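Since the structure comes first, as structure tokens, the remarks are kept for the end.
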Amino acid sequence: MAIIKDGVELIDAKPVPRPGRWVSAIVVAILAAMAIHALVTNKNFQWQVVAQWLFSVSIMQGVLFTIILTVLAMLIGTTLAITMAIMRQSVNPVLRWVAMAYIWFFRGTPIYTQLIFWSLLPTLYPTLSFGVPFLGSLWGWEITFDTATYFTPFWMAFIGLGLNEGAYLAEIMRAGLLSVSKGQWEAATALGMPRTTIFRRIILPQAMRVIVPPIGNETISMLKTTSLVSAIPFTLELTFIARQRGQAAFAPVPLLIAAAIWYLVITSLLMWIQSFIEKYFGKGFERRDNAAAAGSAHTAGSADSMDEKNATALKFLDVTP
């Protein structure tokens, strides 16, 4: 029976049945249950051994050095990325081409190959010196030191990872800087602000909204890329320790599972931190978008005729029985 309210015949609306949603949800739930059952009930995974090694001293040491490598590599990479992104946009052709050459080289060669070359640095250059090229040795203006003494595997690991990461982050930084309107820079310049202040207080905070999500992904990727430093070799990293201890105990699978659990825990923590950083740098942008949408709706509404307004009012009448 039709229901009439305020002279309007209300529609007895019923939700459209969607059996596909329920079928797909049931199929996915069954597959997930099968995967969990296969993991838990398989005795070959030796979960008791995993629990025994999960908080062992050697595994915790690997976790610590993995985090340290990730943090140091990302600090070096971010610093280089900001520098190279600015150089890519410089009017100076020398700076621009140097930045392009750096990005081209480190993006064009595999990180594993780069780490192997870093391990061969003491062989290629037994001694390193700082000074004026070709003139420092003549005038005694050089500082010379033994390469193997100062460039330990730990230094080679995070420097190699940082240099490689800087090439990828440079393009992310450049994309973030280009996302900011040129009018921001021009307006700040018209106010007499120095270029460094403009970049630090005007451009970079707005670009961070675009930069943070891919940097978060690169940080998580760097956490797992640290497992390649065994090419140097750096033997205190989590995957290397788990593989070494597993081979010694004739239980490689449980030790690798323990390492995988720690990678998942650290990744989850990084994702949580990334979400807070995104919310911080995204302040104001959502309100600005909503205000613009409301303003455009108000302008369009003022141009409508009276009949259209009445039709809109009837369209949004309360139709609940």
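Scanning segment 171-220 for residues that are without any contact (Cβ under 8 Å) to a residue 12 or more places away in the chain, open to solvent by 40 Å² or more (accessible area, probe 1.4 Å), in a helix (DSSP H, G or I) and among the polar types (S, T, N, Q) gives Thr189, Thr196, Asn217. Inside segment 44-99, residues that are outside any helix (DSSP H, G or I), open to solvent by less than 50 Å² (accessible area, probe 1.4 Å) and closer than 19 Å to Ala260 by Cα make up a count of 1. Taking each residue of segment 240-258 that is within 24 Å of Ala157 (Cα to Cα) and in contact (Cβ under 8 Å) with a residue 12 or more places away in the chain and looking for partners that are in a helix (DSSP H, G or I) and open to solvent by 10 Å² or more (accessible area, probe 1.4 Å) with beta-carbon atoms closer than 6 Å, six or more apart or interchain, yields Phe240/Ser230; Ile241/Ser58; Ala242/Leu256; Arg245/Ser58; Leu255/Trp53; Leu255/Arg245; Ala258/Trp53; Ala258/Leu54. Here Tyr112 fits the description: open to solvent by 60 Å² or more (accessible area, probe 1.4 Å), touching a residue at least 60 places away in the same chain (Cβ under 8 Å), over 24 Å from Val265 (Cα atoms) and assigned to a helix (DSSP H, G or I).
Quick one: would you say Leu39 is surrounded by 10 or more Cβ atoms within 10 Å (Cβ to Cβ), of a type outside the set (Asp, Glu) and touching a strand residue (DSSP E or B) at 6+ places or on another chain (Cβ under 7 Å)? Answer is no for this residue.
Quick one: would you say Trp155 is within 20 Å of Pro233 (Cβ to Cβ), more than 18 Å from the chain's Cα centre (by Cα) and not acidic (Asp, Glu)?
Yes; evaluated as a whole, the condition is true for this residue.
Considering Val23, Val50, Val63, the condition of being out of contact with any helix residue (DSSP H, G or I) (no Cβ under 9 Å at 6 or more places or on another chain) and among the β-branched types (Val, Ile, Thr) is satisfied by Val23 alone. Can you find a residue in segment 229-237 that is open to solvent by 10 Å² or more (accessible area, probe 1.4 Å) and either touching a Gly at 6+ places or on another chain (Cβ under 7 Å) or more than 27 Å from Trp155 (Cβ to Cβ) (or both)? The answer is yes; a qualifying residue exists.
The values are calculated or read from the model by the stated rules, or taken from the named source; none is laboratory data. As the structure is a computational prediction, the values presented were derived from the model and not from experiment. Note: ideal-geometry Cβ built from the backbone for every residue, glycine included; neighbour counts use all protein chains shown. These accessible areas exclude ligands, DNA and RNA; they are computed on the full protein's heavy atoms, side chains included. Shrake-Rupley method; radii C 1.70, N 1.55, O 1.52, S 1.80 Å.
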